[in-house]
Amino acid sequence: MYGVYLSKHDVPHPGKEETLASMSQDMRTIKTDIIFTDYPTELLFLKNMAHHFIDVPHDFIYELDNLFLIRNPKQLIASFAQVISEPTMQDIGLEKEYELFHALQTTANKPPLVLDTGVLLENPEEILRKLCDKLDIPFLDSMLHWTAGPRKEDGIWAKYWYANVHKSTGFSKQKTSERELPSHLEELYLHAKGYYDKIYEHAIQL
């Protein structure tokens with residue numbers, strides 16, 4: 001849904017034209033692909049960014065198992081600012097994420113799950129075992145390690161956003177996670193933290 005978001009909003013994302021040229025911007029086509037495509041695996045994992053759901057129909061998510069991956073907004077905003085120097089609440093998506101989380105809590109077939117990256121990094125295996133148990137899927141040791149480099153599932157935008165991910169081979173705290181938050185983004189952080197704290201209350205804990 002990244003292409004849909006970029007086509008509807010005037011945001012200065014790197015590689016915007018490349019991304020738009022690489023994927024559909026029609027939600028009907030996207031939903032049909034998700035719902036009616038035959039996949040070669042028993043489980044299908046769909047990664048979405050919360051702000052990509054702004055002003056688009058997303059009724060299909062109420063039929064899925066929903067997992068919210070959250071991160072301390074100070075780290076989130078400082079990281080985002082390395083690519084876009086003046087991020088907004090819409091850019092980081094936390095307000096929309098809380099809106100979706102609250103809606104799913106009250107109307108979805110299954111309550112949404114929450115995974116906080118800070119808690120996950122304290123003990124990846126234990127947290128992932130708990131997550132798999134809640135999803136009723138088997139835990140595999142291979143979930144803890146992977147080969148460095150890009151994946152075939154990456155979009156064309158990966159070269160702008162996934163540099164650290166492509167260097168990684170497992171779960172570990174990045175040195176860049178301690179980078180300072182630019183002072184002009186402090187107000188955004190304080191606003192975002194309110195939404196983060198409300199979702200964090202439901203995060204899987206050790």
Considering the dipole of the chain built from charges on the beta carbon (Lys and Arg +1, Asp and Glu -1) around the Cα centre, which of 75, 206, 177 is farthest to its positive end? 177
To the nearest 20 debye, what is the magnitude of the charge dipole of the chain about its Cα centre, counting +1 on the Cβ of each Lys and Arg and -1 on the Cβ of each Asp and Glu? 380 debye
Under the helix-only model (-39500 (n - 2.57) for each DSSP H run of 4 or more, divided by the residues of the chain), the mean residue ellipticity at 222 nm, to 500 deg cm²/dmol, is -12000 deg cm²/dmol
Per-pair calculated FRET efficiency, R0 = 35 Å: residue 83 and residue 28 via Cβ, rounded to 0.05: 0.70
Calculated FRET value between residue 206 and residue 175, using beta carbons and R₀ = 25 Å, to 0.05: 0.60
For the stretch 1-102, what is the Kirkwood hydrodynamic radius in Å, using each pair of distinct C-alpha atoms? 15.2 Å
Between residue 110 and residue 56, what is the label-point separation in nm under the 7 Å Cα-to-beta-carbon projection? 2.3 nm
Just subtract the alpha-carbon distance of residue 142 and residue 158 from 0.36 nm times their residue separation and send over the number in nm, one decimal. 3.5 nm
Based solely on C-alpha atoms, express the radius of gyration and the Dmax of the chain in angstrom. 17.3, 49
Of all trypsin sites (Lys or Arg not before Pro) in the stretch 134-163, the ones in DSSP coil with at most 10 other Cβ atoms within 10 Å are 152
At R0 = 35 Å the Cβ-Cβ FRET efficiency linking residue 190 and residue 45, nearest 0.05, sits at 0.60
Mind ranking 39-50, 76-87, 13-24 by how tightly packed they are, going by the mean number of other C-beta atoms within 10 angstrom, highest first? 76-87, 13-24, 39-50
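Read-outs: derived from the displayed coordinates by stated rules, not from any lab. Note that this is a predicted model, so its numbers are computed, not measured. Here Cβ is always computed from backbone atoms with ideal geometry, including for glycine, and neighbour counts include all displayed protein chains.
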